[in-house]
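Contents: one structure, followed by commentary.
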Amino acid sequence: MSIIKVEHLCKQFKVRERPAGFWRGLGGLFSRTHHIIQAVDDVNFTLQRGDMVGYIGANGAGKSTTIKMLTGILVPTSGKIDVMGLTPYQHRRQYTRRIGVVFGQRTQLWWDLPVMDSFELLKHIYEIPERTYKQNLAFFSELLQLDCLTSMPVRTLSLGERMRCDLTAALLHNPEILYLDEPTIGLDVVAKEQVRQFLQRVNAERQVTVILTTHDLNDVEKICQRLLIIDTGRIIYDGGIDALKQRYGRTRMLIVDLARAYSKIQIENVDVIRREGNRIWLAFDRDTISASEVITRVTAHYEIQDLTISEPEIEEIVRKIYQSGMTD
Amino acid sequence: MRKYLAFAANAFQRTLTYRFELWVELFINVLFMLIYVYLWKALYNGRSAVEGYDLTRILTYIVVSQTLLSFHFTLRIARVIEEKVRTGEVVTDLMKPIDFQLMLLATGVGTTFHTVLFNMLPKLLLFYVGLRLLLPGSILTVGVFIISVMLGFVILFNIEFLIGILAFWVVEIRGIYFAVIWGISWFFSGYFLPLEHYPDLLAKMAEYLPFQAIIYSPTAIYVGRITGSAMVGVLLIQLFWAVVLMGLGRFAYLAALRKLAIQGG
Ligand SMILES: Nc1ncnc2c1ncn2[C@@H]1O[C@H](COP(=O)(O)OP(=O)(O)O)[C@@H](O)[C@H]1O
Ligand SMILES: [Mg+2]
């Protein structure tokens with residue numbers, strides 16, 4: 001059964017040239033000089049209940065704008081959003097009871113208050129029955145180890161601790177859908193992994209439909225069955241992670257610090273795509289040549305100091321998708 | 001309803017953390033009130049009554065109106081909205097099943113209740129004892145006065161709310177805020193001088209504006225300038241303004257939502 005249906009969704013922002021100052025600020029109300037930014041451009045997708053989907057794109061691709069329309073905060077310029085039979089921005093009050101939202105860059109908790117007070121306030125706002133509230137709090141406290149955090153004011157928490165509290169806050173009222181906009185942004189590797197595992201459990205055990213935006217492929221690699229890739233407002237890929245990797249993710253990157261300067265670097269089946277002083281970036285196709293073979297060849301001809309292998313970045317994959325012309 | 005009570009209680013609690021500031025504010029308020037009191041004593045030197053106010057009555061008027069003026073210092077809802085729009089925090093409010101206007105009203109009630117307890121009532125008591133001020137004529141007057149104060153508060157809240165909503169359209173509302181709240185509103189609210197003392201034209205203007213309903217109406221009831229059935233008329237006018245302004249605020253807010261554009265995550 002489909003739970004979210006998005007059809008021909010578009011959002012334009014009109015950006016005015018607004019000079020500073022009081023009266024000129026007011027003048028901005030009537031000014032005619034503006035340009036249009038097409039933040040979301042004809043986006044279509046349907047999600048099923050219980051799906052866990054990654055919404056991926058580089059910075060400025062249109063992820064947050066999409067999430068804000070899905071959560072009813074922004075009104076679409078055109079197109080249709082139907083979530084559980086509701087139009088988010090029209091039925092906001094009714095709709096917000098049934099969804100949970102986490103924005104990685106801001107908190108929905110009250111800055112000056114101890115975390116527990118924020119939870120209590122949310123209990124009233126969402127009119128959560130006492131029993132449900134207690135059960136959920138116990139469940140999330142244990143899963144996210146909140147015990148020593150809840151008595152502290154939000155402003156004293158680290159980013160990772162705050163995120164754990166924000167995740168709890170978004171789920172206390174048993175939402176059917178959880179929207180997360182860059183929930184792992186700024187977190188360290190351990191905290192990121194904790195968030196991912198938590199989301200996976202929430203999705204699996206509580207049948208919560210999850211949409212998660214990120215620019216970090218690692219976030220979605222293990223936990224999302226389906227990926228939507230957005231670039232400059234358009235969906236350029238909609239499918240599984242494996243198919244994506246199969247098609248576009250074969251490139252690996254070897255970053256090498258050379259011991260001294262070489263005027264020319266040439267290795268068979270390997271592209272030198274960047275040079276900065278003695279550091280070089282080598283791209284290779286893992287189906288054509290293995291990483292250990294590349295390393296052997298490099299060390300055979302050049303004196304090296306250090307090397308690292310990196311996974312493909314989202315920008316790289318987006319570039320590949322365009323190159324292959326498969327932007328259906 | 002429960003949720004808005006929770007908001008009010010919450011705001012009240014948060015205000016408790018700014019204790020020191022509140023003592024400073026109380027101190028400065030009292031200083032200003034003393035200045036006004038001595039000013040009026042000097043002006044009345046030898047005179048018996050002006051425009052129906054004898055010295056005790058005018059002093060009572062000044063003390064009560066100065067006390068009610070504290071609403072202006074405490075509420076600051078326009079600035080709260082501006083801040084929410086500027087930082088994008090408004091997004092987190094919109095995600096919740098609450099009414100933005102009522103939520104802010106509840107928050108305003110919470111912070112103001114704190115001011116009533118720890119600033120306004122002590123001031124009133126202090127000056128009442130120190131100057132032997134008038135007491136309201138009857139228990140009924142006290143009741144009407146309290147209702148009138150609450151309606152005045154709601155009116156001020158809604159004016160602030162309307163100004164705050166402008167922040168959805170213009171970058172900078174501080175100019176408008178100071179002009180309306182600390183200029184026009186102060187002038188026409190009669191906090192400094194009973195409206196009877198105003199030149200006819202200004203007094204007439206004040207009568208048709210909502211600002212007099214914030215301070216002048218309740219104060220005039222307190223000091224017995226408005227009595228009997230006239231009190232009902234005043235309450236009705238206040239109620240009219242409260243409802244109209246609340247409706248306007250809601251309308252402006254809904255229009256703002258359609259235009260809302262918050263940048264960033
Ligand atoms: N309120 C706004 N006004 C003008 N432009 C905006 C606004 N919000 C977003 N944009 C622009 O729309 C595009 C998409 O932004 P966003 O959805 O925030 O991207 P992402 O979340 O993928 O980084 C960007 O070019 C951004 O600058
Ligand atoms: Mg974003």
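Where a number appears in this text, it was derived from the coordinates with a stated rule and is not lab data. Just so it is clear, the model here is predicted, and its values are computed rather than measured. All Cβ positions, even for glycine, are placed from backbone atoms using ideal geometry, and neighbour counts span all protein chains on display.
Key figures for this structure:
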item	result
About the Cα centre, charge dipole magnitude for chain A (Lys/Arg +1, Asp/Glu -1 at Cβ), debye	1060 debye
In degrees, nearest ten, helix A:314-324 long axis to first principal axis of chain A (Cα)	70 degrees
Inter-site label distance for B:Y208 and A:A300 at 7 Å from Cα along Cβ, in nm	9.6 nm
For the protein assembly as shown, share of DSSP beta bridges that run antiparallel, in % to the nearest 5	70 percent
Extent along principal axes [Cα atoms of region A:250-311; Å; largest to smallest]	30, 20, 18
Charge dipole magnitude, Cβ of K and R +1, D and E -1 - region A:250-311, Cα centre, debye nearest 20	160 debye
Per-residue average of Cβ from other chains inside 10 Å of A:65-72	2
Helix axis angle, A:159-171 relative to chain A longest principal axis, alpha carbon, degrees	50 degrees
Computed magnitude of the charge dipole of the protein assembly as shown (debye, nearest 20; Cβ of K, R +1, Cβ of D, E -1)	1240 debye
Set of region A:92-128 residues, backbone N closer than 15 Å to the point 7 Å along the Cα-Cβ line of B:R2	A:120-128
Farthest toward positive dipole pole in chain A [+1 Lys/Arg, -1 Asp/Glu at C-beta], among A:V189, A:V40, A:I295	A:V40
Length gained when the stretch A:D238-A:A138 is fully extended (0.36 nm per residue, less Cα-Cα span)	32.3 nm
Stretch gain in nm, segment A:R49-A:N218, where the contour uses 0.36 nm per residue and the Cα spacing is subtracted	58.5 nm
Restraint check, A:K14/A:K63; A:K134/B:K84; A:K5/A:K245; A:K5/A:K68; B:K123/B:K204; A:K80/A:K245, Cα-Cα greater than 20 Å	A:K134/B:K84; A:K5/A:K245; B:K123/B:K204; A:K80/A:K245
Ranked packing of B:126-134, A:37-45, most packed first, by mean Cβ within 10 Å	A:37-45, B:126-134
Value of relative contact order over chain B, rounded to a whole percent, pairs C-alpha under 8 Å and six or more apart	27 percent
Beta bridge orientation in chain A: antiparallel %, DSSP, nearest 5	70 percent
Cα gyration tensor shape for chain B, rounded if a/c is under 1.5, else prolate or oblate	prolate
Neighbouring partner chain Cβ atoms per residue of A:244-253, average, 10 Å criterion	0
P(r) histogram, all alpha-carbon pairs of the protein assembly as shown included - 20 Å bins from 0, percent	17, 39, 28, 12, 4, 0
Surrounding net charge for A:Y248, when Lys and Arg each add one and Asp and Glu each subtract one, Cβ distance under 10 Å	+4
Contact order normalised by residue count of chain A, Cα under 8 Å, 6+ apart, percent	19 percent
Cut-off 15 Å, label 7 Å out along Cα→Cβ of A:R275, residues of region A:288-324 by amide N	A:302-303
Residue (of A:P153, A:W110, A:H8) at the positive-pole extreme of chain A, dipole from beta-carbon charges	A:H8
Helical segments meeting 18 Å axial Cα length and Kyte-Doolittle 0.0 threshold in chain B (DSSP H)	B:19-43, B:55-75, B:100-115, B:139-165, B:229-259
Protection-proxy order for peptides A:83-91, B:157-165, B:109-117, each taking the mean of Cβ atoms within 10 Å per residue, highest first	B:157-165, B:109-117, A:83-91
Computed over chain A, Kirkwood Rh from alpha-carbon pairs, angstrom	22.5 Å
Within-11-Å neighbourhood charge of A:D219 [Cβ basis; K, R +1; D, E -1]	-1
Relative contact order, percent, region A:215-328 [alpha-carbon distance under 8 Å, six or more residues apart]	30 percent
Averaged over B:168-174, number of beta-carbon atoms from partner chains that fall within 10 Å	5
Sparse-neighbourhood loop sites, chymotrypsin sites (Phe, Trp or Tyr not before Pro) in region A:241-328 - DSSP loop, at most 10 other Cβ within 10 angstrom	none
Folded to 0 to 90 degrees: helix A:189-206 orientation relative to chain A principal axis, Cα	50 degrees
Net lengthening on full extension, B:L260/B:D93 (0.36 nm per residue, minus Cα-Cα)	58.8 nm
Point-to-point label distance, B:Y18-B:V232, nm (Cα→Cβ direction, 7 Å offset)	4.1 nm
